[in-house]
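Here is the structure we will look at.
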Amino acid sequence: MALYPPQQMADILYSFKAFGVLPTEIADQIQDLLEDELTQSMRSLVDDVFDLNCFKEPVDRSSVERSATLDTTHYDSCLDRISAKLEKLMSVPPHVLLPGDECFRNADPEARTKRMQIRNQIKLKMASNRELRGEVARLRLEIQVKERLAEAIQKVTI
């Protein structure tokens, strides 16, 4: 399974949402794949235990199957976490508007103000960063001038 960068994965999930695919449907498909893989691996495990049985006591097939099915609780918890993460990833935050969304017309006023506040904070931070860079450049220039002046004074006194 190929791993995608987070932005590409978000784009894929948003395109799933655009085509009307629900996170529960994706989680169900993942569950089907995992269950198929799990049942196949359990069958091969049980067969391997019986094929390679070198114990003195006979092994009960039901106990092996029971111990194998205990692992399914782990898979169930993994599936719950996967579906929760899919819900979280595919849900669009209220302050984000995607192109073509109906929420352009019926946008929540609180979300709109939050979006504007975030944009203003970004602008203020960019402006303060520009000012800081300007101050740092001026200080570096002053230091260079002082160093050159000190070198010139040393050359003159020598």
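Read the figures in this text as sums done on the coordinates, not as results from a lab. Just so it is clear, the structure is predicted and the values come from calculations on it, not from any experiment. Glycine gets a Cβ as well: all are built from the backbone with ideal geometry, and neighbour counts include every protein chain shown.
By the scheme Lys and Arg +1, Asp and Glu -1, what is the net charge of all other residues having a beta-carbon under 14 Å from that of ASP36? The answer is -3.
Below 14 angstrom from the Cβ of LEU139, what's the summed charge of the other residues (Lys, Arg +1; Asp, Glu -1)? Before the final figure, lay out the partial values.
Numbers: positive: ARG133, ARG138, ARG140, LYS146; negative: GLU131, GLU135, GLU142, GLU147.
Every neighbour counted, the sum reads 0.
Along the positive direction of the dipole of segment 106-158 (beta-carbon charges: Lys, Arg +1; Asp, Glu -1; about the Cα centre), which of GLN154, ALA111, GLN121 reaches farthest? Towards the positive end, the residue furthest out is ALA111. Considering segment 105-158, its Cα convex hull presents a mean projected area of 3.9 nm².
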